[in-house]
Each structure stands twice: as structure tokens, then as C-alpha cells.
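Heads up: the structure comes next, in C-alpha cells.
The values are calculated or read from the model by the stated rules, or taken from the named source; none is laboratory data. Small disclaimer: the values here were computed from a predicted structure and weren't measured. Quick reminder, even Gly has a Cβ in these numbers, built from the backbone with ideal geometry, and neighbours come from all protein chains shown. The area values use the complete protein model at the heavy-atom level, side chains included, leaving out ligands, DNA and RNA. Shrake-Rupley method; radii C 1.70, N 1.55, O 1.52, S 1.80 Å.
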Amino acid sequence: SIGVETVAAQEGTGLRSVLITNFTSIGYSLGGNGNSFHRDVEVLANNSTTAEYCISINGNTGSTFLQTTCIGSGIAITTAAVYLTSCHVEMIGLHVESAISGVYVNSGNVGGSIQGLTAAAGGGATITNLVYINGTGNFLRLYDIAKNTATNTIYIAPGTITITTQHIPDATSIIKGTPDLLLSAEFNISVTASPFKYTNVLPYAIWVMI
């Protein structure tokens, strides 16, 4: 089941001060066309054995989220707290727990920004990849990312790039899929596939252009 589903939220309409729980597949499914606005939203999978995503944004041309918390299942770990495909999103203040990926970018053509993204700071609320990017042609800016107990801060499937730095503050660098990887300052990057050969680079913010 889907907790809340809409393709018509637009012109500033959306969720306000809402808790979504007791769903079995997706907590909040957002499609359609743009300019929706959502604030103070919590999505709780409530130990569902089949919960897939807390929030899924698919094909939406513009949505804004302020202060959002997504907690996956404690029984069968949720695939992603936030799933993004073919959309433009602005998220400020996003907290994620108990999911394989905090934010899962699963196509090209995902743009916008996420600012203030945190994983759980302790306990059994497992996150493997705070941000997982699976696809090319994305343009997503990340600010102020704190992995806490997540295994990886950012994992980029094209090129198999793993970034494990605890915190990404806020200046600018760029990751490009091929033929090069361009970053600034110092970062802890583990690279297992050519042509990604840069190590020890730590940007304040990251433009993901994959």
C-alpha cells in the first residue's frame, strides 16, 4: 500500500505537519508537475516487512521540502528513505534512518539541491549509503552532509566512487562521471575504477554531474 499519493500537488500546495505511517510499500509518492511545498513531514515505515521507500519523487518538475524525517523499517531494512528519479527537488533539513540508502538517485535528469542531510547518530538505525547515485545525466547539489553512523557518505555507481568523509560543509566542487573527476580541497575518496584517480580531496559542497 501507499500512504499518500499525488500527481496534483502544485502552486505551493503539499503536506504540512504530517506523520505518515503504517504503509507497506511507499509512504509518500509524489509525481506530476511542479511547485509543490511540503513542511514538517515525518514518514515512518513502522517495522513493515515490505516497505520500499519512505518518499518517492518520480517525474515531478519542482518540489520543496523543509524539515523532513524518514525512518525505514526496523525489520526488513527499507530500500531508500528518499527515492528520486527524473525530477527536480529542493530539500532543506532531511534526516534519515534505517534504510539501505538515505537518498537514492536512480536515473538521469535529477536536479536541485539537498541541504542539511543527516543519518542516524547511533543505535541500530542502519544506513549503508547516505547518498547513492545510480545513473548518469544528474545535476544535484549537496550541502552540509553528515554521515554519522552511515557506512558511506556518497556512493556513485557509475565509476564506483565511494566517499567516506564524515562531514561535507559548504563550498563548491564538482564530480563529473567521465572523463574526469574534479574536486577541491581535501577529501577521503576510495576509487576502484579508472578514470577516477584522484584521492584526498574534501569539498564543502558537491555538485554531482554524473
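When the stretch 51-70 is limited to residues that are open to solvent by 40 Å² or more (accessible area, probe 1.4 Å) and part of a loop (DSSP other than H, G, I, E, B), the one that is farthest from Ile114 (Cα to Cα) turns out to be Glu52.
From the list Gly34, Gly27, the one residue that fits, being in contact (Cβ under 8 Å) with a residue 40 or more places away in the chain and either open to solvent by 40 Å² or more (accessible area, probe 1.4 Å) or not in a strand (DSSP E or B) (or both), is Gly34. Taking the conditions (1) in a loop (DSSP other than H, G, I, E, B); (2) surrounded by 18 or more Cβ atoms within 10 Å (Cβ to Cβ); (3) touching a residue at least 40 places away in the same chain (Cβ under 8 Å) in turn, Ser48 satisfies each one other than (3).
Taken as a whole, the condition of being more than 14 Å from the chain's Cα centre (by Cα), under 19 Å from Ile2 (Cβ atoms), assigned to a loop (DSSP other than H, G, I, E, B) and of a type in the set (A, V, I, L, M) does not apply to Ala121. Against the conditions (1) open to solvent by less than 20 Å² (accessible area, probe 1.4 Å); (2) within 24 Å of Ala9 (Cα to Cα); (3) assigned to a loop (DSSP other than H, G, I, E, B), Ser73 satisfies every one except (2). Just one residue in the set Ala81, Ala120 is modelled with pLDDT under 85, crowded, with 19+ Cβ neighbours inside 10 Å and closer than 20 Å to Ile145 by Cβ; that residue is Ala120.
Matching residues to (1) in a loop (DSSP other than H, G, I, E, B); (2) open to solvent by 20 Å² or more (accessible area, probe 1.4 Å); (3) within 14 Å of Thr118 (Cβ to Cβ); (4) modelled with pLDDT under 80:
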residue	(1), (2), (3), (4)
Tyr132	no, yes, no, no
Gly137	yes, yes, no, yes
Leu140	no, no, no, no
Ile145	no, no, yes, no
Ala150	yes, no, yes, no
Thr153	no, no, yes, no
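Taking the condition touching an Asp or Glu at 6+ places or on another chain (Cβ under 7 Å), open to solvent by 10 Å² or more (accessible area, probe 1.4 Å), under 22 Å from Leu30 (Cβ atoms) and not hydrophobic (A, V, I, L, M, F, W, C), does Gly112 pass? Judged against the criteria, Gly112 is a match. Taking the criterion of being open to solvent by less than 50 Å² (accessible area, probe 1.4 Å), part of a strand (DSSP E or B) and over 20 Å from Arg16 (Cα atoms), the residues of the stretch 84-107 that qualify are Leu84, Thr85, Glu97, Ala99, Ser101, Gly102, Val103, Tyr104, Val105.
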